[in-house]
1. Output the residues belonging to the stretch 334-356 that are more than 19 Å from I9 (Cβ to Cβ), assigned to a loop (DSSP other than H, G, I, E, B) and either at pLDDT 95 or above or not basic (K, R) (or both).
2. Considering the stretch 268-317 alone, what residues qualify as being in contact with a helix residue (DSSP H, G or I) (Cβ under 9 Å, 6 or more places away or on another chain) and under 13 Å from I219 (Cβ atoms)?
3. Looking only at residues in the stretch 124-142 that are touching a residue at least 40 places away in the same chain (Cβ under 8 Å) and farther than 17 Å from Q86 by Cβ, which one is surrounded by the most Cβ atoms within 10 Å (Cβ to Cβ)?
4. List the residue pairs whose Cβ atoms are under 6 Å apart, where the first residue sits in the stretch 270-292 and is at positive phi, the second is outside any strand (DSSP E or B) and of a type in the set (A, V, I, L, M, F, W, C), and the two are 6 or more positions apart or on different chains.
5. Do we have V17 as among the β-branched types (V, I, T) and touching a Cys at 6+ places or on another chain (Cβ under 8 Å) here?
6. Restricting the stretch 122-156 to residues that are part of a strand (DSSP E or B) and among the aliphatic types (A, V, I, L, M), which is nearest to S20 (Cα to Cα)?
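The values are calculated or read from the model by the stated rules, or taken from the named source; none is laboratory data. Everything numeric in this text was worked out from a predicted model, so none of it was measured. Positions of Cβ are generated from backbone atoms using ideal geometry, with glycine treated the same way; all protein chains shown enter the neighbour counts.
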Amino acid sequence: MTHPEGKHIVVIGAGIVGASLAYHLAVKGAKVTVVEAQDIASGVTGTSFGWINTTRRAPDPIAALRSTAISEFHRLEAQLPDLKIQWAGSLCYGADTDEALPASSHQSLAFRVARSRVLELEPHLKNPPEQALYKAEEGALDPAQATHTLIAGAKAQGAEVRTHAQVLGFTTRHGQVVAVDTTTGRLEADVVVIAAGTGLKTLTGLLGMPLPVEASPSIFIRYTAHPGVVRTLVSNTEMEVRQTPDGAVWAAQDYLGDALQDAPSVLAQQLGEVIHKAFDGIGPLDLQTACVGLRPVAVDGLPVIGYLPTVGGVYVCAMHPGVTLAAAVGRLACEEIVDGTPSSLLEPCRPGRFKPAPGASEAR
(Lines give C-alpha, C1' and ligand atoms only; values in the text may rest on other atoms or scores of the structure.)
Protein backbone atom coordinates (compact mmCIF):
# COMPACT_ATOMS: atom_id res chain seq x y z
CA MET A 1 0.00 0.00 0.00
CA THR A 2 1.32 3.47 -0.85
CA HIS A 3 0.18 6.92 0.20
CA PRO A 4 1.40 9.41 -2.42
CA GLU A 5 -0.78 12.13 -0.94
CA GLY A 6 0.74 11.87 2.55
CA LYS A 7 3.65 13.70 4.12
CA HIS A 8 7.05 12.14 3.58
CA ILE A 9 8.40 11.40 7.04
CA VAL A 10 11.86 10.04 7.71
CA VAL A 11 12.12 8.15 11.01
CA ILE A 12 15.68 7.81 12.30
CA GLY A 13 16.02 4.74 14.50
CA ALA A 14 14.49 1.26 14.33
CA GLY A 15 14.18 0.40 17.99
CA ILE A 16 10.79 -0.18 19.56
CA VAL A 17 10.00 3.56 19.75
CA GLY A 18 11.00 4.29 16.15
CA ALA A 19 9.16 1.18 14.97
CA SER A 20 5.98 2.23 16.78
CA LEU A 21 6.22 5.70 15.27
CA ALA A 22 6.77 4.27 11.80
CA TYR A 23 3.80 1.93 12.14
CA HIS A 24 1.39 4.58 13.38
CA LEU A 25 2.54 7.14 10.81
CA ALA A 26 2.18 4.66 7.94
CA VAL A 27 -1.29 3.61 9.09
CA LYS A 28 -2.21 7.30 9.25
CA GLY A 29 -1.37 7.72 5.58
CA ALA A 30 2.15 9.17 5.66
CA LYS A 31 4.90 8.07 3.30
CA VAL A 32 7.44 6.68 5.77
CA THR A 33 11.12 5.84 5.41
CA VAL A 34 12.90 4.30 8.39
CA VAL A 35 16.65 4.81 8.59
CA GLU A 36 18.68 2.61 10.95
CA ALA A 37 22.45 2.71 11.36
CA GLN A 38 22.65 -0.98 12.28
CA ASP A 39 19.91 -3.63 12.33
CA ILE A 40 16.31 -3.53 13.52
CA ALA A 41 16.18 -3.66 17.33
CA SER A 42 19.97 -3.75 17.54
CA GLY A 43 20.33 -0.97 20.12
CA VAL A 44 18.98 -0.77 23.66
CA THR A 45 15.73 -2.38 22.50
CA GLY A 46 17.55 -5.68 22.09
CA THR A 47 18.83 -5.54 25.67
CA SER A 48 15.61 -4.45 27.39
CA PHE A 49 13.83 -6.44 30.10
CA GLY A 50 10.47 -5.75 28.46
CA TRP A 51 8.36 -4.88 31.52
CA ILE A 52 5.21 -2.87 30.73
CA ASN A 53 5.30 -1.15 34.10
CA THR A 54 2.79 1.65 34.62
CA THR A 55 3.44 2.54 38.26
CA ARG A 56 6.26 4.70 39.56
CA ARG A 57 7.01 6.34 42.84
CA ALA A 58 5.33 9.72 43.32
CA PRO A 59 5.58 12.40 42.20
CA ASP A 60 5.49 11.32 38.55
CA PRO A 61 5.08 14.17 36.05
CA ILE A 62 4.12 11.69 33.31
CA ALA A 63 1.73 9.60 35.40
CA ALA A 64 -1.19 10.35 33.08
CA LEU A 65 0.84 9.35 30.02
CA ARG A 66 2.17 6.23 31.70
CA SER A 67 -1.35 5.20 32.71
CA THR A 68 -2.33 4.79 29.05
CA ALA A 69 0.37 2.19 28.34
CA ILE A 70 -1.68 -0.92 29.01
CA SER A 71 -4.75 0.08 27.00
CA GLU A 72 -2.53 1.23 24.12
CA PHE A 73 -0.76 -2.13 23.99
CA HIS A 74 -4.11 -3.93 24.04
CA ARG A 75 -5.09 -1.76 21.05
CA LEU A 76 -1.92 -2.77 19.21
CA GLU A 77 -2.55 -6.44 20.00
CA ALA A 78 -5.91 -6.18 18.25
CA GLN A 79 -4.27 -4.58 15.20
CA LEU A 80 -1.17 -6.79 15.06
CA PRO A 81 -1.94 -10.44 15.91
CA ASP A 82 1.77 -11.32 15.80
CA LEU A 83 2.46 -9.04 18.77
CA LYS A 84 3.04 -11.36 21.73
CA ILE A 85 2.51 -9.98 25.24
CA GLN A 86 2.36 -11.90 28.52
CA TRP A 87 -0.31 -10.30 30.69
CA ALA A 88 0.68 -12.18 33.86
CA GLY A 89 0.91 -9.23 36.26
CA SER A 90 3.82 -8.41 38.56
CA LEU A 91 4.64 -9.08 42.19
CA CYS A 92 6.80 -6.52 43.98
CA TYR A 93 7.99 -6.81 47.56
CA GLY A 94 10.79 -5.67 49.81
CA ALA A 95 12.19 -2.17 50.18
CA ASP A 96 10.32 0.68 48.45
CA THR A 97 7.24 -1.46 47.81
CA ASP A 98 4.93 1.21 49.22
CA GLU A 99 6.56 3.79 46.99
CA ALA A 100 5.57 1.68 43.98
CA LEU A 101 1.87 2.13 44.77
CA PRO A 102 0.01 4.21 42.17
CA ALA A 103 0.25 7.94 42.75
CA SER A 104 -3.26 8.42 41.36
CA SER A 105 -6.34 6.56 40.22
CA HIS A 106 -5.14 7.06 36.62
CA GLN A 107 -2.60 4.28 37.04
CA SER A 108 -3.14 0.56 36.75
CA LEU A 109 -4.76 -1.51 39.46
CA ALA A 110 -2.25 -2.29 42.20
CA PHE A 111 -2.99 -3.68 45.64
CA ARG A 112 -1.36 -5.49 48.54
CA VAL A 113 -1.81 -9.24 48.75
CA ALA A 114 -1.11 -11.60 51.64
CA ARG A 115 1.29 -14.52 51.68
CA SER A 116 -1.43 -17.01 50.76
CA ARG A 117 -2.26 -15.07 47.60
CA VAL A 118 1.43 -14.73 46.74
CA LEU A 119 1.68 -18.53 46.82
CA GLU A 120 -1.34 -18.85 44.55
CA LEU A 121 0.32 -16.54 42.06
CA GLU A 122 3.82 -17.98 42.45
CA PRO A 123 3.42 -21.56 43.77
CA HIS A 124 7.12 -22.38 43.22
CA LEU A 125 8.42 -19.49 45.34
CA LYS A 126 10.27 -21.07 48.27
CA ASN A 127 10.15 -18.17 50.74
CA PRO A 128 7.17 -15.98 49.85
CA PRO A 129 6.89 -12.66 51.67
CA GLU A 130 4.17 -11.93 54.21
CA GLN A 131 2.74 -9.43 51.74
CA ALA A 132 3.49 -8.09 48.29
CA LEU A 133 2.25 -5.51 45.85
CA TYR A 134 0.39 -7.21 43.01
CA LYS A 135 -0.09 -5.24 39.81
CA ALA A 136 -2.51 -7.49 37.99
CA GLU A 137 -2.80 -5.55 34.74
CA GLU A 138 0.88 -5.28 33.94
CA GLY A 139 2.63 -7.37 31.32
CA ALA A 140 5.88 -8.07 29.55
CA LEU A 141 7.05 -8.64 26.01
CA ASP A 142 10.10 -9.44 23.96
CA PRO A 143 11.05 -5.93 22.78
CA ALA A 144 12.96 -7.19 19.73
CA GLN A 145 10.06 -9.39 18.60
CA ALA A 146 7.63 -6.51 19.15
CA THR A 147 9.86 -4.18 17.14
CA HIS A 148 10.04 -6.57 14.19
CA THR A 149 6.25 -6.95 14.35
CA LEU A 150 5.76 -3.18 14.27
CA ILE A 151 8.22 -2.80 11.40
CA ALA A 152 6.41 -5.53 9.48
CA GLY A 153 3.15 -3.69 10.09
CA ALA A 154 4.66 -0.45 8.85
CA LYS A 155 6.01 -2.13 5.71
CA ALA A 156 2.58 -3.63 5.04
CA GLN A 157 1.30 -0.06 4.94
CA GLY A 158 3.97 0.97 2.43
CA ALA A 159 6.84 2.07 4.66
CA GLU A 160 10.41 1.64 3.41
CA VAL A 161 13.11 0.46 5.83
CA ARG A 162 16.81 1.10 5.25
CA THR A 163 19.19 -0.65 7.64
CA HIS A 164 22.94 -0.05 7.84
CA ALA A 165 22.30 3.52 6.75
CA GLN A 166 24.08 6.06 8.93
CA VAL A 167 22.94 9.66 9.12
CA LEU A 168 25.67 12.05 7.98
CA GLY A 169 23.81 15.33 8.32
CA PHE A 170 20.74 17.36 7.47
CA THR A 171 19.88 19.79 4.70
CA THR A 172 17.99 22.87 5.79
CA ARG A 173 16.25 25.58 3.82
CA HIS A 174 14.88 28.78 5.36
CA GLY A 175 15.13 27.34 8.86
CA GLN A 176 13.43 24.08 7.92
CA VAL A 177 14.98 20.63 7.56
CA VAL A 178 14.14 19.35 4.09
CA ALA A 179 16.38 16.30 3.73
CA VAL A 180 18.45 13.75 5.61
CA ASP A 181 21.86 12.85 4.22
CA THR A 182 22.78 9.20 4.81
CA THR A 183 25.42 6.74 3.69
CA THR A 184 22.82 5.27 1.32
CA GLY A 185 21.84 8.61 -0.20
CA ARG A 186 19.80 11.73 0.46
CA LEU A 187 16.19 11.43 1.62
CA GLU A 188 13.92 14.41 1.15
CA ALA A 189 11.45 14.85 3.98
CA ASP A 190 8.56 17.01 5.12
CA VAL A 191 9.25 15.95 8.71
CA VAL A 192 12.21 14.17 10.27
CA VAL A 193 11.57 12.13 13.42
CA ILE A 194 14.65 11.35 15.50
CA ALA A 195 14.07 8.26 17.64
CA ALA A 196 17.68 7.14 17.90
CA GLY A 197 17.95 6.54 21.65
CA THR A 198 21.30 7.63 23.03
CA GLY A 199 22.21 8.92 19.57
CA LEU A 200 19.75 11.78 19.99
CA LYS A 201 22.30 14.16 21.50
CA THR A 202 24.71 13.80 18.58
CA LEU A 203 22.02 14.09 15.92
CA THR A 204 20.36 17.14 17.45
CA GLY A 205 23.82 18.60 17.92
CA LEU A 206 24.11 18.67 14.13
CA LEU A 207 21.08 20.97 14.24
CA GLY A 208 22.51 23.32 16.86
CA MET A 209 20.61 21.92 19.86
CA PRO A 210 22.38 18.93 21.43
CA LEU A 211 19.69 17.70 23.78
CA PRO A 212 21.03 16.53 27.17
CA VAL A 213 20.21 12.84 26.78
CA GLU A 214 22.85 10.52 28.16
CA ALA A 215 23.40 6.76 28.27
CA SER A 216 22.27 5.08 31.48
CA PRO A 217 23.67 1.53 31.59
CA SER A 218 21.81 -1.50 32.89
CA ILE A 219 22.46 -5.24 32.64
CA PHE A 220 20.19 -7.62 30.75
CA ILE A 221 20.49 -11.35 31.46
CA ARG A 222 18.83 -14.39 29.90
CA TYR A 223 19.02 -18.04 30.96
CA THR A 224 17.37 -21.25 29.85
CA ALA A 225 15.52 -23.24 32.53
CA HIS A 226 12.60 -25.58 33.09
CA PRO A 227 9.45 -23.88 31.74
CA GLY A 228 6.37 -22.90 33.73
CA VAL A 229 8.10 -22.09 37.03
CA VAL A 230 7.94 -18.29 37.28
CA ARG A 231 4.33 -17.32 36.64
CA THR A 232 4.34 -13.53 37.09
CA LEU A 233 7.08 -10.93 36.95
CA VAL A 234 8.84 -10.93 40.33
CA SER A 235 10.65 -7.81 41.51
CA ASN A 236 12.34 -7.43 44.89
CA THR A 237 15.61 -6.27 46.38
CA GLU A 238 17.41 -9.41 45.18
CA MET A 239 16.08 -9.94 41.70
CA GLU A 240 13.95 -8.75 38.83
CA VAL A 241 12.91 -11.85 36.93
CA ARG A 242 10.27 -13.28 34.62
CA GLN A 243 9.91 -16.36 32.42
CA THR A 244 8.74 -16.67 28.83
CA PRO A 245 6.45 -19.46 27.60
CA ASP A 246 9.41 -21.34 26.08
CA GLY A 247 11.12 -21.47 29.48
CA ALA A 248 13.67 -18.67 29.03
CA VAL A 249 14.29 -16.75 32.23
CA TRP A 250 14.82 -13.03 31.74
CA ALA A 251 16.42 -10.89 34.41
CA ALA A 252 17.68 -7.35 34.91
CA GLN A 253 20.41 -6.03 37.16
CA ASP A 254 21.75 -2.62 38.07
CA TYR A 255 25.02 -1.68 36.42
CA LEU A 256 27.68 -1.37 39.12
CA GLY A 257 30.74 -0.33 37.15
CA ASP A 258 33.59 -1.58 35.00
CA ALA A 259 35.44 -3.57 37.66
CA LEU A 260 36.01 -7.25 36.89
CA GLN A 261 33.85 -8.35 39.83
CA ASP A 262 30.98 -6.29 38.38
CA ALA A 263 31.19 -7.71 34.86
CA PRO A 264 27.82 -8.82 33.41
CA SER A 265 28.89 -12.47 33.31
CA VAL A 266 29.90 -12.40 36.98
CA LEU A 267 26.69 -10.71 38.09
CA ALA A 268 24.70 -13.15 35.96
CA GLN A 269 26.34 -16.08 37.73
CA GLN A 270 25.53 -14.61 41.13
CA LEU A 271 21.96 -13.77 40.18
CA GLY A 272 21.46 -17.23 38.74
CA GLU A 273 22.27 -18.69 42.15
CA VAL A 274 19.76 -16.34 43.79
CA ILE A 275 17.01 -17.32 41.34
CA HIS A 276 17.80 -21.02 41.69
CA LYS A 277 17.48 -20.77 45.48
CA ALA A 278 14.26 -18.76 45.23
CA PHE A 279 12.21 -21.13 43.02
CA ASP A 280 11.51 -24.83 43.35
CA GLY A 281 11.82 -26.85 40.17
CA ILE A 282 13.49 -24.24 38.01
CA GLY A 283 16.39 -26.59 37.31
CA PRO A 284 19.89 -25.53 36.25
CA LEU A 285 20.06 -22.02 34.86
CA ASP A 286 22.11 -22.08 31.68
CA LEU A 287 23.36 -18.58 30.91
CA GLN A 288 22.61 -17.45 27.35
CA THR A 289 23.09 -13.70 27.44
CA ALA A 290 24.62 -11.18 29.82
CA CYS A 291 25.22 -7.72 28.40
CA VAL A 292 25.02 -4.02 29.10
CA GLY A 293 22.24 -1.97 27.56
CA LEU A 294 22.44 1.81 27.26
CA ARG A 295 19.12 3.46 28.04
CA PRO A 296 18.53 7.05 26.89
CA VAL A 297 17.83 9.25 29.90
CA ALA A 298 17.48 13.04 29.86
CA VAL A 299 19.17 15.00 32.63
CA ASP A 300 15.81 15.60 34.34
CA GLY A 301 14.70 11.99 33.94
CA LEU A 302 11.69 12.77 31.76
CA PRO A 303 11.06 11.68 28.17
CA VAL A 304 11.94 14.13 25.40
CA ILE A 305 9.12 14.26 22.87
CA GLY A 306 8.12 16.99 20.45
CA TYR A 307 9.36 19.45 17.84
CA LEU A 308 12.76 21.09 18.20
CA PRO A 309 12.34 24.81 18.89
CA THR A 310 15.48 25.77 16.96
CA VAL A 311 14.69 24.38 13.51
CA GLY A 312 11.50 23.47 11.71
CA GLY A 313 10.40 20.00 10.70
CA VAL A 314 12.27 17.99 13.32
CA TYR A 315 10.38 15.92 15.89
CA VAL A 316 12.37 14.11 18.58
CA CYS A 317 11.43 11.14 20.68
CA ALA A 318 13.61 9.59 23.40
CA MET A 319 12.75 8.09 26.77
CA HIS A 320 13.99 5.64 29.37
CA PRO A 321 10.64 3.78 29.69
CA GLY A 322 10.75 3.13 25.95
CA VAL A 323 9.07 -0.27 26.09
CA THR A 324 6.30 0.89 28.42
CA LEU A 325 5.49 4.03 26.43
CA ALA A 326 6.14 2.83 22.88
CA ALA A 327 2.52 2.14 21.96
CA ALA A 328 1.10 5.29 23.55
CA VAL A 329 3.79 7.65 22.30
CA GLY A 330 3.65 6.14 18.83
CA ARG A 331 -0.02 7.04 18.51
CA LEU A 332 0.11 10.44 20.22
CA ALA A 333 3.21 11.62 18.37
CA CYS A 334 1.70 10.45 15.09
CA GLU A 335 -1.40 12.56 15.72
CA GLU A 336 0.77 15.58 16.46
CA ILE A 337 2.85 15.10 13.31
CA VAL A 338 0.16 14.13 10.80
CA ASP A 339 -2.93 15.86 12.18
CA GLY A 340 -1.27 18.76 13.95
CA THR A 341 -3.19 17.83 17.10
CA PRO A 342 -1.09 18.53 20.21
CA SER A 343 -1.41 16.10 23.11
CA SER A 344 -1.65 17.42 26.65
CA LEU A 345 -0.20 14.10 27.85
CA LEU A 346 3.09 14.95 26.12
CA GLU A 347 3.40 18.51 27.45
CA PRO A 348 5.83 17.64 30.30
CA CYS A 349 8.13 16.07 27.73
CA ARG A 350 8.78 18.95 25.32
CA PRO A 351 12.40 19.53 24.22
CA GLY A 352 11.85 23.28 24.53
CA ARG A 353 12.38 22.95 28.28
CA PHE A 354 16.11 22.75 27.56
CA LYS A 355 18.11 25.84 26.67
CA PRO A 356 19.24 25.90 23.02
CA ALA A 357 22.92 26.08 22.26
CA PRO A 358 24.40 29.61 21.96
CA GLY A 359 23.76 31.00 18.51
CA ALA A 360 20.85 28.69 17.77
CA SER A 361 17.76 30.54 16.60
CA GLU A 362 14.20 29.38 16.72
CA ALA A 363 12.70 28.39 13.40
CA ARG A 364 10.01 30.61 11.96
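1. So in the stretch 334-356, the residues more than 19 Å from I9 (Cβ to Cβ) come out as 344-345, 347-350, 352-356.
Then keep just the ones that are assigned to a loop (DSSP other than H, G, I, E, B); that gives 350, 354-356.
Once the filter is applied, which keeps residues that are more than 19 Å from I9 (Cβ to Cβ), assigned to a loop (DSSP other than H, G, I, E, B) and either at pLDDT 95 or above or not basic (K, R) (or both), the stretch 334-356 yields R350, F354, P356.
2. Those that are in contact with a helix residue (DSSP H, G or I) (Cβ under 9 Å, 6 or more places away or on another chain) and under 13 Å from I219 (Cβ atoms): L287, T289, A290, C291, V292, G293, L294, R295.
3. First, the residues of the stretch 124-142 that are touching a residue at least 40 places away in the same chain (Cβ under 8 Å): 124-127, 129, 132-142.
Pick out the ones that are also farther than 17 Å from Q86 by Cβ and you get 125-127, 129, 132-133.
Details: L125: 21, K126: 9, N127: 6, P129: 17, A132: 27, L133: 23.
Ranking the candidates gives A132 first.
4. Once the first residue is at positive phi and sits in the stretch 270-292, its partners that are outside any strand (DSSP E or B) and of a type in the set (A, V, I, L, M, F, W, C) give G281/V229; G283/A225.
5. Working: among the β-branched types (V, I, T): yes; touching a Cys at 6+ places or on another chain (Cβ under 8 Å): yes.
It is true that V17 is among the β-branched types (V, I, T) and touching a Cys at 6+ places or on another chain (Cβ under 8 Å).
6. To start, the set of residues in the stretch 122-156 that are part of a strand (DSSP E or B) comprises 125, 131-135, 139-141.
Add one more test, that the residue is among the aliphatic types (A, V, I, L, M), and what stays is 125, 132-133, 140-141.
Numbers: L125: 36, A132: 33, L133: 30, A140: 16, L141: 14 Å.
Checked the stretch 122-156; the qualifying residue nearest to S20 (Cα to Cα) is L141.
Quick grid of which residues meet (1) at pLDDT 95 or above; (2) in a loop (DSSP other than H, G, I, E, B); (3) under 30 Å from K126 (Cα atoms):
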{"site": "T202", "(1), (2), (3)": "yes, no, no"}
{"site": "S216", "(1), (2), (3)": "yes, no, no"}
{"site": "I219", "(1), (2), (3)": "yes, no, yes"}
{"site": "Y223", "(1), (2), (3)": "yes, no, yes"}
{"site": "P227", "(1), (2), (3)": "yes, yes, yes"}
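Every residue, every condition in (1) of a type outside the set (D, E, K, R); (2) touching a Phe, Trp or Tyr at 6+ places or on another chain (Cβ under 9 Å), yes or no:
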{"residue": "Q145", "(1), (2)": "yes, no"}
{"residue": "Q157", "(1), (2)": "yes, yes"}
{"residue": "R186", "(1), (2)": "no, no"}
{"residue": "V191", "(1), (2)": "yes, yes"}
